[in-house]
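Here the structure is laid out as structure tokens; the discussion comes afterwards.
Laboratory data are not the source of any read-out in this text; all were calculated from the coordinates shown. Since the model is a prediction, treat every value here as computed from it, not as a measurement. FYI the Cβ positions are ideal-geometry reconstructions off the backbone, even for glycines, and counts take in every protein chain you see.
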Ligand code: GLU
């Protein structure tokens, strides 16, 4: 399938995947396969790793029929690649040292003209002597000297999405590359040209696409999928009941039955995944969050929860 591009699922191995995560993986797989792309799994293990979680997650995905066409890539093994990307940005004069603590950043954001989640460039203009002095006190993070205020991407489900691009962290002060840079570098290096993932990352897409442009890399096609939520509207979490394959298996629900529930929530016929492929049409994907009632994951006949939300009529071409 080389030459046709690739889609991917990129879990962080911090614990078990819940049905919402698995549903996003299913959608990513369907998007990739329905467009003739290969499908890759990448383990995003730069942060929050729990021992054993990677193997568990890969087994859970495999139980649904989702495997990687090439050996699974781990971000923790790509430091050289990230270093080269940083060098490239540095050579363009787009990188500066930042000595702010989390607290400093939070305080700046809540200051009168601050913007939540937005770094105002506090350390951008520090002179050489000042940097020298601060280095003796605290190891700096590296930030991008962003030259734009906003950037726009096209999302197959959300349409045009513009979001602010601030001076994002490129390398954390513990020396580890930051998520936004790693994702951009890896997607390009792996030939991934279709990024299907949870809607929580929609706001990050413009800054990632901007970073790609600075690195001379093509931006992928994006599709951000509505998240799974509880009946109360909060994001589904493991504490919300039996929502992982492991929990559900303990209650007598097979992986195949869970896959069928996930596919039903997408308005698709039961598995295996290959069978659902023929019916997959992005236009018909639900555009609202998936409301999950754990009781119906255990016993789907218990009620109508896990209901597919109404599809809208268009995918933004
Ligand atoms: N590793 C991220 C997560 O598990 C996903 C990042 C991405 O898909 O770009 O939330």
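For the reader, a short list of remarks on this structure follows.
- Bridge orientation summary for the chain: considering DSSP beta bridges with both residues in this region, about 50 percent are antiparallel.
- When each of 283, 258, 168 is scored by the number of other beta-carbon atoms lying within 10 Å, the sequence from fewest to most is 283, 168, 258.
- Over the chain, Cα pairs under 8 Å with separation of 6+ residues give a relative contact order of 18 percent.
- Note on residue 84 and residue 275: the extension gain reaches 64.5 nm, defined as 0.36 nm multiplied by sequence separation minus the Cα-Cα distance.
- Every helix of 4 or more DSSP H residues in the chain counts as -39500 (n - 2.57), and over all residues that averages to -9500 deg cm²/dmol at 222 nm.
- The alpha-carbon atoms of the range 20-70 define a convex hull whose volume equals 87 cubic angstrom per residue.
- Each peptide among 21-30, 284-293, 111-120, 204-213 gets the average number of other Cβ atoms lying within 10 Å of its residues, and from highest to lowest they stand as 21-30, 204-213, 284-293, 111-120.
- Stretchable slack from residue 137 to residue 4, in nm (0.36 nm times residue separation minus alpha-carbon distance): 42.9 nm
- Counting DSSP beta bridges with both ends in the range 1-149, the antiparallel % (nearest 5): 40 percent
- Enclosed volume per residue, in Å³, of the convex hull spanned by Cα atoms of the range 134-232: 141 Å³
- Cα-based equivalent ellipsoid, the chain: semi-axes from gyration tensor eigenvalues, Å: 37, 21, 19
- With a Förster radius of 35 Å applied to the C-beta separation of residue 150 and residue 63, the computed FRET efficiency comes to 0.25.
- For the range 9-131, the mean projected area of the C-alpha convex hull, equal to one quarter of the hull surface, is 11.5 nm².
- Taking the C-alpha atoms only, the angle from helix 255-265 to the longest principal axis of the chain is near 80 degrees.
- The distance separating the Cα centre of the range 194-262 from that of the range 105-182 comes to 25 Å.
- The range 118-166: radius of gyration and largest Cα-Cα distance (Dmax), Å: 16.2, 49
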